Amino acid sequence: QVIRSEVTEGAKFRLSGKGVDQDPKGIFRINEITGDVSVTRTLDREAIANYELEVEITDTSGKTIDGPVRLDISVIDQNDNRPMFKEGPYVGHVMEGSPTGTTVMRMTALDADDAGTDNALLRYNILKQTPTKPSPNMFYIDPEKGDIVTVVSPVLLDRETMESPKYELVIEAKDMGGLDVGLTGTATATILIDDKNDHPPEFTKKEFQATVKEGVTGVIVNLTVGDRDDPVTGAWRAVYTIINGNPGQSFEIHTNPQTNEGMLSVVKPLDYEISAFHTLLIKVENEDPLIPDIAYGPSSTATVQITVEDVNEGPVFHPNPMAVTKQENIPVGSVVLTVNATDPDTLQHQTIRYSVYKDPAGWLEINPTNGTIGTTAVLDRESPFVQENVYTALFLAIDSGNPPATGTGTLHITLEDVNDNVPSLYPTLAKVCDDAKDLRVVVLGASDKDLHPNTDPFKFELSKQSGPEKLWRINKLNSTHAQVILLQNLKKANYNIPISVTDSGKPPLTNNTELKLQVCTCKKSKMDCSATDALHISLTLILLSLLSLFCKSFA
């Protein structure tokens with residue numbers, strides 16, 4: 001109630017502010033005559049805890065004659081809010097074997113009531129533990145702080161002996177300081193017992209057996225181990241090491257990530273003739289180190305007995321590839337080389353026979369008994385089957401096993417050049433105008449399939465010219481080229497110019513050939529070589545020959 005000190009006739013009380021004429025409107029009202037302030041509906045302290053209003057006195061016209069005076073209204077808290085766990089899910093971890101009293105996690109609930117009253121004074125309690133073994137009271141919660149700690153001995157906190165490594169606790173938070181009249185809220189805390197490496201891996205047996213064929217690689221045996229620690233952790237994952245019996249590094253061992261087994265493999269082919277048996281000593285450890293008071297025992301090592309089975313292996317050529325140098329054109333039947341192949345199966349006492357496998361040019365043969373390779377044709381360095389002066393052939397060595405085994409040997413024959421190719425001349429055709437002013441007809445080139453020094457410098461010569469006068473000459477330009485020059489303009493006709501070209505080999509080889517020269521009519525930059533006369537030189541030679549025969553007949 002608001003009381004006024006002086007009573008004025010017609011005066012009225014007027015109330016204003018948030019909760020009256022401001023949002024939220026209409027919560028409070030005042031009796032204009034008595035000054036009684038009343039509430040019109042239920043209040044919620046958690047929404048608005050305080051209201052600041054103003055009261056004034058007005059006359060009959062509504063004019064203020066006193067005030068305004070501030071009126072503060074405080075809403076008294078009632079315990080109408082339950083504690084709430086809002087930060088879930090709640091998951092904690094604790095290492096197995098941890099000491100009693102180890103803090104696992106903290107549970108915190110919130111209460112919307114007045115924090116300065118017991119309405120928001122919370123106390124925590126464990127209502128239920130699942131599972132209940134090995135003790136129904138594995139954990140304790142601090143009633144004021146909400147800290148969950150272990151209360152059992154480290155021996156009972158053994159992950160490998162537990163029914164489950166996961167515990168679920170139903171946690172209750174109660175306000176009013178935990179009194180029976182308090183409101184409650186609950187949440188579930190999940191606690192996981194983490195593994196530590198307190199169990200070394202152990203082989204399931206002390207000795208493993210394996211059999212492998214010689215010359216074969218790959219996995220030959222899987223070694224099995226047991227480990228009571230948590231799978232797929234470093235305390236469970238195995239690491240295998242070969243500690244004895246592998247001086248040649250023929251074996252390797254790797255961990256199967258799915259099964260944790262040790263996959264023992266042959267990485268370098270084994271030879272039965274060298275050793276038919278191998279004994280390996282293998283140890284297994286974990287990726288993570290063991291805890292200090294645990295050590296690896298005898299069960300963390302095992303022996304693997306490996307038996308190598310004999311296989312009929314193919315003969316081996318020595319050396320391979322084989323190389324020899326020969327002159328081309330050596331006589332047919334010449335000996336090229338006698339090959340040597342041995343059988344790795346020294347304990348089987350087998351015989352070896354030889355045969356030709358690939359002989360692209362068909363130049364060679366081999367004695368099936370002693371391996372002597374001879375020629376059946378002339379070796380030609382210029383053959384398309386010869387690459388960079390080397391001819392390659394393959395031969396087989398076949399043992400007498402059942403079934404027989406085969407080895408392949410490669411022979412490279414380097415062919416030395418012999419001057420067995422005459423030079424060739426190019427071009428073989430030239431054209432010139434019958435009224436040409438430049439009588440240098442053509443530049444000739446020579447080439448030779450042979451190698452130096454059986455090629456250039458080449459010697460160019462004109463064969464003897466028939467007739468009373470010489471019509472052309474040849475001038476050497478360099479070691480491979482020469483130029484043909486007319487000595488006078490010629491009539492339109494075809495001419496054959498006899499030319500010889502000789503290489504520099506010892507002995508030299510000469511190619512006697514002809515250059516066909518067409519003398520054509522040239523008008524307005526157009527060359528007409530059609531309907532030329534018969535070969536001029538050839539006709540002259542024919543007439544001379546006929547005249548000679550006639551004279552002899554007459555005589």
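The values are calculated or read from the model by the stated rules, or taken from the named source; none is laboratory data. Everything quoted here is computed from the prediction, not taken from an experiment. Cβ: placed from backbone, ideal geometry, glycine included. Neighbour counts: every protein chain shown. Remember, those area values only see protein heavy atoms, side chains included, never the ligands or the DNA or RNA. Shrake-Rupley method; radii C 1.70, N 1.55, O 1.52, S 1.80 Å.
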So what does Glu56 come to for accessible area, using a 1.4 Å probe and Å² rounded to 10?
30 Å²
Choose one of Gly297, Ser74, Phe317: the residue whose Cα lies farthest towards the positive end of the charge dipole of the chain (beta-carbon charges +1 Lys, Arg; -1 Asp, Glu; about the Cα centre).
Phe317
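Where Lys and Arg each count +1 and Asp and Glu each count -1, what net charge lies around Ala377 among other residues with Cβ under 11 Å from its Cβ?
Summing Lys and Arg as +1 and Asp and Glu as -1 gives -3.
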What are the trypsin sites (Lys or Arg not before Pro) within the stretch 117-197 that DSSP puts in a loop, where the Cβ has at most 15 other Cβ atoms within 10 Å?
Lys145
5 Å is the cut-off here: which amide hydrogens, built 1.01 Å from N in the peptide plane, fall below it relative to Met95, excluding neighbours closer than 5 in sequence?
Asp194
What angle do you read, to the nearest 10 degrees and between 0 and 90, between the alpha-carbon axis of helix 536-554 and the longest principal axis of the chain?
30 degrees
Net charge over other residues, Cβ less than 10 angstrom from the Cβ of Thr60 (K, R count +1; D, E count -1):
0
The stretch 86-140 - charge dipole about Cα centre, Lys and Arg +1 at Cβ, Asp and Glu -1, debye rounded to 20:
340 debye
Charge sum, other residues only, whose C-beta stays under 10 Å from Ala302's C-beta, Lys/Arg counted +1 and Asp/Glu -1
+1
Of the chymotrypsin sites (Phe, Trp or Tyr not before Pro) in the stretch 247-341, which ones lie in a loop per DSSP and count no more than 15 other C-beta atoms within 10 Å?
Tyr296
Per residue, the convex hull volume that the Cα atoms of the stretch 294-360 enclose (Å³)
197 Å³
Taking the chain and dividing mean pair separation by its residue count, relative contact order in percent (alpha carbons under 8 Å, at least six apart)
7 percent
Shape parameters for the stretch 424-523, alpha-carbon atoms, Rg then Dmax in Å
14.4, 50
Nearest 20 debye, what's the magnitude of the dipole of the chain about its Cα centre given +1 on Lys and Arg Cβ and -1 on Asp and Glu Cβ?
4780 debye
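Which whole-number value in Å² is the accessible area per residue of the stretch 72-211, probe 1.4 Å?
Each residue of the stretch 72-211 exposes 52 Å² on average to a 1.4 Å probe.
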Share of accessible surface on carbon and sulfur in the chain, whole %, 1.4 Å probe and ligands ignored, is 52 percent
Sparsely packed chymotrypsin sites (Phe, Trp or Tyr not before Pro) within the stretch 373-443, loop by DSSP, other Cβ within 10 Å at most 12
none
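What 222 nm value per residue comes from the helices of the chain, counting each DSSP H run with n ≥ 4 as -39,500 (n - 2.57) and dividing by all residues, nearest 500 deg cm²/dmol?
On the way: 1 runs with 19 residues, N = 555.
Helix-only estimate at 222 nm: -1000 deg cm²/dmol.
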For Phe139, other-chain or 5+-apart residues with amide H closer than 5 Å (H placed, Pro excluded) are Val151
Protection proxy ranking of 410-421, 177-188 - average other beta-carbon atoms within 10 Å, highest first:
410-421, 177-188
In terms of the charge dipole of the chain, which places +1 on Lys and Arg and -1 on Asp and Glu at the beta carbon, the residue among Asn367, Val212, Trp236 farthest towards the positive end is Asn367
Have a look at the chain and give its Rg and Dmax from the Cα atoms, expressed in angstrom.
57.7, 189
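How big, in percent, is the set of alpha carbon pairs in the stretch 73-196 lying more than 16 Å apart? Write down the numbers at each step before the final one.
Values: 4660 of 7626 pairs.
Taking all Cα-Cα pairs of the stretch 73-196, the fraction more than 16 Å apart is 61 percent.
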Hey, what's the stretch 424-523 come to in accessible area per residue, 1.4 Å probe, Å²?
54 Å²
